[in-house]
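K.L.:
Before we start, here is the structure in question, set down as structure tokens.
The values are calculated or read from the model by the stated rules, or taken from the named source; none is laboratory data. All values reported here derive from a predicted model rather than from experimental measurement. Note that each Cβ is placed from the backbone with ideal geometry, even for glycine, and that neighbours are counted across all protein chains shown.
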Amino acid sequence: MTTLVGEFMTLMLMAIALGMDAFSVGLGMGMIKLRLKQIFYIGVTIGIFHIFMPLGGMAIGKVLSKEFGSIATIIGGLLLLMLGLQMMFSSFKKDDGPMITPVGAGLFIFALSVSLDSFSVGLSLGIYGAKTMLAILLFGAVSMLLTWLGLIFGRKLQGWLGSYSEALGGSILLGFGIKLLFFT
């Protein structure tokens with residue numbers, strides 16, 4: 001019983017850590033004009049990605065080396081850099097909206113960029129034999145909830161900051177991409 005509680009607490013802390021990435025990026029992305037329906041779908045999509053990415057990582061974690069985790073972090077950082085730069089550049093164009101928005105393919109790029117680190121965690125958990133179902137459900141639920149919070153807070157900030165909000169949101173994504181690339 002104590003082992004199960006300990007593993008649950010460990011996985012919950014990991015889920016919160018992974019979800020904070022989604023919260024931070026959601027805060028930046030929420031600064032573009034999003035409807036509540038879009039926020040709902042973005043959160044659900046990121047939650048689903050945070051289920052399948054670590055599941056995939058766990059499935060092949062016993063086969064791959066730990067080096068692959070750093071490659072996933074680099075890819076995630078580059079995707080966030082691309083999204084952040086694109087948002088910053090599009091904020092200076094008065095006539096166009098952002099080229100990449102969290103809709104369609106843009107939503108999948110966004111969800112992939114914030115869930116690649118959960119793939120790396122899945123690799124590690126696969127090596128150590130963690131409880132798969134508990135881990136992926138916690139990762140998905142916590143990431144979904146924290147994404148919703150980030151997007152809603154970002155939406156509120158967008159109203160306060162007006163036309164500068166998209167540039168600020170892009171700079172948050174850019175900063176987070178730089179953090180992933182150079183400080184992880």
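K.L.:
Go through the stretch 155-169 residue by residue and tally those that are modelled with pLDDT of 75 or more and of a type in the set (Phe, Trp, Tyr). Reasoning before the result, please.
P.N.:
Going residue by residue through the stretch 155-169, those that are modelled with pLDDT of 75 or more are 155-157.
When the remaining residues are screened for being of a type in the set (Phe, Trp, Tyr), the result is none.
Result for the stretch 155-169: 0.
K.L.:
Among the residues of the stretch 106-117, are any surrounded by 16 or more Cβ atoms within 10 Å (Cβ to Cβ), modelled with pLDDT of 70 or more, under 23 Å from Gly150 (Cβ atoms) and of a type in the set (S, T, N, Q)?
P.N.:
yes
K.L.:
A further question on this structure: Could you pull out the residue among Ile172, Ile127, Ile152 that is assigned to a helix (DSSP H, G or I), surrounded by fewer than 22 Cβ atoms within 10 Å (Cβ to Cβ) and at pLDDT 70 or above?
P.N.:
Numbers: Ile172 fails: surrounded by fewer than 22 Cβ atoms within 10 Å (Cβ to Cβ); Ile127 fails: at pLDDT 70 or above.
One residue alone meets the criteria, Ile152.
K.L.:
If you don't mind, there's one more thing I want to ask. Only one of (1) in a helix (DSSP H, G or I); (2) at pLDDT below 75; (3) not hydroxyl-bearing (Ser, Thr, Tyr) fails for Asp96. Which number is that?
P.N.:
All conditions pass for Asp96, except number (1).
K.L.:
Only one of (1) surrounded by 19 or more Cβ atoms within 10 Å (Cβ to Cβ); (2) at pLDDT 75 or above; (3) of a type in the set (A, V, I, L, M); (4) under 16 Å from Gly150 (Cβ atoms) fails for Leu11. Which number is that?
P.N.:
Every condition holds for Leu11 apart from (4).
K.L.:
Can I ask one more? Name the single residue, out of those in the stretch 42-70 being surrounded by fewer than 13 Cβ atoms within 10 Å (Cβ to Cβ) and in a helix (DSSP H, G or I), that is modelled with the highest pLDDT. Before the answer, list the steps.
P.N.:
Here is the first cut: in the stretch 42-70, the residues surrounded by fewer than 13 Cβ atoms within 10 Å (Cβ to Cβ) are 62-63, 65-67, 70.
Next, from what is left, pick out any that are in a helix (DSSP H, G or I): 67, 70.
Values: Glu67: 58, Ser70: 67.
Among residues in the stretch 42-70 that are surrounded by fewer than 13 Cβ atoms within 10 Å (Cβ to Cβ) and in a helix (DSSP H, G or I), the one modelled with the highest pLDDT is Ser70.
K.L.:
Let me ask something else about it. Can you tell me which residues in the stretch 27-41 are among the small types (Gly, Ala, Ser) and either surrounded by fewer than 24 Cβ atoms within 10 Å (Cβ to Cβ) or in a loop (DSSP other than H, G, I, E, B) (or both)?
P.N.:
Restricting attention to the stretch 27-41, the residues satisfying the condition of being among the small types (Gly, Ala, Ser) are 28, 30.
Selection gives Gly30 alone.
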